[in-house]
């Protein structure tokens, strides 16, 4: 029974982390989309000047967002793989459930 509780706890934490990871990835994509939208505006150069940023600063920010997205996607894939490994445990639970 301890093994069952331990595995259920791990699965629950993994799903929670997946959910959190999805939220973070979504937020990063929205932020990236906003940055790209701003860069297409006619007064983009004026906006950069207004906020005291250079083209390179802006591009660095965009690249940082893209790197963050890559890192989060890698984490997401790792979590998915962990769930696949635990899938056999879930199948065992379902088969035990059918016995009762």
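The values are calculated or read from the model by the stated rules, or taken from the named source; none is laboratory data. Treat the numbers as computed from the prediction; the structure is a model and nothing was measured. Cβ: placed from backbone, ideal geometry, glycine included. Neighbour counts: every protein chain shown.
Return the total of residues in region 9-24 being closer than 17 Å to residue 82 by Cβ and either in contact (Cβ under 8 Å) with a residue 24 or more places away in the chain or in contact with a strand residue (DSSP E or B) (Cβ under 7 Å, 6 or more places away or on another chain) (or both).
8
Out of 76, 58, I need the residue that is part of a helix (DSSP H, G or I), over 30 Å from residue 6 (Cβ atoms) and touching a helix residue (DSSP H, G or I) at 6+ places or on another chain (Cβ under 9 Å). Which one?
Among 76, 58, only 58 is part of a helix (DSSP H, G or I), over 30 Å from residue 6 (Cβ atoms) and touching a helix residue (DSSP H, G or I) at 6+ places or on another chain (Cβ under 9 Å).
Restrict the check to region 91-98 and report whether at least one residue is surrounded by 12 or more Cβ atoms within 10 Å (Cβ to Cβ) and at pLDDT below 90.
yes
Mind checking which residues of region 42-55 are part of a loop (DSSP other than H, G, I, E, B) and within 20 Å of residue 66 (Cβ to Cβ)?
Of all residues in region 42-55, those part of a loop (DSSP other than H, G, I, E, B) come to 42-43, 51-54.
Across region 42-55, the qualifying residues are 53, 54.
Please go through (1) surrounded by 11 or more Cβ atoms within 10 Å (Cβ to Cβ); (2) out of contact with any helix residue (DSSP H, G or I) (no Cβ under 7 Å at 6 or more places or on another chain) for residue 21 and return the number of the only condition it doesn't satisfy.
(2)
What single numbered condition from (1) within 19 Å of the chain's Cα centre (by Cα); (2) more than 30 Å from residue 94 (Cα to Cα); (3) surrounded by 11 or more Cβ atoms within 10 Å (Cβ to Cβ) fails to hold for residue 44?
Single failed check for residue 44: (1).
In region 28-41, what count of residues is obtained for those that are touching a helix residue (DSSP H, G or I) at 6+ places or on another chain (Cβ under 8 Å) and exposed (fewer than 13 other Cβ atoms within 10 Å of the Cβ)? Break it down stepwise before answering.
From region 28-41, those touching a helix residue (DSSP H, G or I) at 6+ places or on another chain (Cβ under 8 Å) are 28-29, 31-32, 35-36, 38-39, 41; that's our starting set.
Checking which are exposed (fewer than 13 other Cβ atoms within 10 Å of the Cβ) leaves us with 36, 41.
Count: 2.
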